[in-house]
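The values are calculated or read from the model by the stated rules, or taken from the named source; none is laboratory data. Because the structure is predicted, anything quoted here is derived from the model rather than measured. FYI the Cβ positions are ideal-geometry reconstructions off the backbone, even for glycines, and counts take in every protein chain you see. Calculation scope for accessible area: heavy atoms of the full protein, side chains included, ligands and nucleic acids excluded. Shrake-Rupley method; radii C 1.70, N 1.55, O 1.52, S 1.80 Å.
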Amino acid sequence: MEKNLFENARDAVNRFTQRRGGKHDATSQNDMEAAKQAIQSAYSQCSQEEKQQLQQFEQEVETHHNNLR
């Protein structure tokens with residue numbers, strides 16, 4: 001079964017936030033951009049409850065990004 005856009009966004013956020021190493025390299029930058037794009041794509045086809053979760057995902061990405069600096 002094909003994953004929906006919400007699941008893709010969740011997976012992309014998980015890939016970015018699970019990254020270890022503490023340095024902000026090109027790979028983590030790419031993962032962050034992929035997560036942001038996946039979140040934006042998911043907004044178009046999700047329920048109100050999922051939209052709230054997507055907002056939380058956005059917050060997680062920003063928090064993780066700031067912690068890498």
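Numerical summary
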{"read-out": "Filtered residues of the range 42-52 (kept if part of a helix (DSSP H, G or I) and more than 13 Å from D11 (Cα to Cα))", "value": "Y43, Q48, E49, E50, K51, Q52"}
{"read-out": "Candidate set from the range 1-28 (those that are within 11 Å of H64 (Cβ to Cβ) and open to solvent by less than 40 Å² (accessible area, probe 1.4 Å)); member that is modelled with the lowest pLDDT", "value": "S28"}
{"read-out": "Filter pass, E62 being modelled with pLDDT of 90 or more and touching a helix residue (DSSP H, G or I) at 6+ places or on another chain (Cβ under 8 Å)", "value": "no"}
